[in-house]
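Some notes on the structure that comes next.
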Amino acid sequence: MSQLKNVEAKILQCLQNKFLARYVSLPNQNKIWTVTVSPELRDRTPLVMVHGFGGGVGLWILNMDSLSARRTLHTFDLLGFGRSSRPTFPRDPEGAENEFVMSIETWRETMGIPSMILLGHSLGGFLATSYSIKYPERVKHLILVDPWGFPLRPTDPSEIRAPPTWFKAVASVLGRSNPLAVLRIAGPWGPGLVQRFRPDFKRKFADFFEDDTISEYIYHCNAQNPSGETAFKAMMESFGWARRPMIERIHLIRKDVPITMIYGSNTWIDTSTGKKVKLQRPDSYVRDMEIEGASHHVYADQPHIFNAVVEEICDSVD
């Protein structure tokens, strides 16, 4: 954990705006590692960003300063990931999902945030949606960035988008164990493996780091007890599909919660979901858009465009 702390400190040093990094203790003894940028800007609805599978707060470094220029921004490591506590999750998909959602709500209460603009990427998008079904009064606008776990799994194999090459490589090594077990088995060679399977990450963050900082960060986020990963595995049918697909439940979000879905034009995620969400919510605000030249990690592939889009949404809230 100390190596993760060190590499994350190096990433956060890039921030220009004032920030506060600390553990937020929940009543059940779990701790959520939280970074708040521009805590002094209290007159607008704060933006809360939820990272995807295997990530952590450090991956938002290309977005934090820009998105906290006029309002407070909160990011946190999901329970079971990054520097947050790693409890044992329920083994069933609904139980695991509820545990994540409850931890987000308890975190919000402990932080004293009355309402928020809630943004989630990938798995974070799935959980932010689940949260919005349960606590709609807390969400002023739901922003879903390349969200995971929405579509029903097609019965026709020809309709299934191929998963990314790096995932197929990892899956062939691992079979049925946890998705990132290969990193833990690799030990000190882990950061090199991240670099080999995901050379694109180094390119994405090249403006800030010429070395392997980001690969090391991703490795150390995932080198410990895989509690969040085990929960994700309980929730997934196979890598691209959820056991409880969100498209079947999104109509349960209160009608007055606006939703914007942002996809990368080159993503492996099924982008037709945005149109399906519009059909499920005919009387609600639903906007879907694609960002050119971006793949799954839209926020890092095209950070300037992404930041501008998110700022525009936030400004529409207040």
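The values are calculated or read from the model by the stated rules, or taken from the named source; none is laboratory data. As the structure is a computational prediction, the values presented were derived from the model and not from experiment. Note that we place each Cβ from the backbone using ideal geometry, even for glycine, and neighbour counts take in every protein chain shown. Accessible surface is based on the protein model in full, side chains and every heavy atom, while ligands, DNA and RNA are left aside. Shrake-Rupley method; radii C 1.70, N 1.55, O 1.52, S 1.80 Å.
Within the full protein context, the accessible area of E237 is estimated at about 100 Å² for a probe radius of 1.4 Å. On full extension, the segment bounded by E40 and H304 gains 92.6 nm, given 0.36 nm per residue less the C-alpha separation. Once every Cα of the range 196-318 carries one equal point scatterer and solvent is ignored, give the base-10 log of I(q)/I(0) from the Debye formula at q = 0.14 Å⁻¹, two decimals. Per q value, in the given order, log10 I(q)/I(0) is -0.85. Helical runs assigned H by DSSP (4 residues or longer) give the chain a calculated mean residue ellipticity at 222 nm of -11000 deg cm²/dmol, each run adding -39500 (n - 2.57) before division by the residue total. Model label points for N225 and M289, set 7 angstrom from Cα along the Cα-to-Cβ axis, are 4.2 nm apart.
A 1.4 Å probe, protein heavy atoms only, puts the accessible area of R254 near 110 Å².
Exposure check, 1.4 Å probe, all protein chains in place: Y135 carries approximately 40 Å² of accessible surface.
Sorting I133, I117 by solvent-accessible area of protein heavy atoms yields I133, I117, largest first, with a 1.4 Å probe. Solvent exposure of the chain, expressed per residue, is 42 Å² of accessible area, with all protein chains present and a 1.4 angstrom probe. Using the charge dipole of the range 75-128 (Lys, Arg: +1 at Cβ; Asp, Glu: -1 at Cβ; taken about the Cα centre), state which of W107, G124, F76 has its Cα farthest towards the positive end. Result: F76, furthest along the dipole toward the positive end. For the cross-link pairs K255/K276; K140/K276; K18/K204; K5/K31; K140/K255, the ones whose C-alpha atoms lie over 18 Å apart are K140/K276; K18/K204. Inter-label distance, N28 to E94: 1.7 nm, where each label sits 7 Å from its Cα along the C-beta direction.
Please report the relative contact order for the chain, taking Cα pairs under 8 Å with a sequence separation of at least 6, and give it as a percent rounded to a whole number. Each step should come with its number before you reach the end.
Numbers: 611 pairs, mean separation 62.9, N = 318.
Once divided by the residue count of the chain, the mean separation gives 20 percent.
Computed from phi, the 3J(HN,Hα) profile of the range 17-34 under the Karplus parametrisation 6.51, -1.76, 1.60 (θ = phi - 60°) reads 7, 5, 9, 10, 10, 7, 8, 9, 8, 8, x, 8, 6, 5, 10, 10, 6, 10 Hz, with x in place of Gly and Pro. Note on the chain: with a GNM built from Cα contacts shorter than 10 Å, the maximum mean-square fluctuation among D256, D156, D301 falls on D156.
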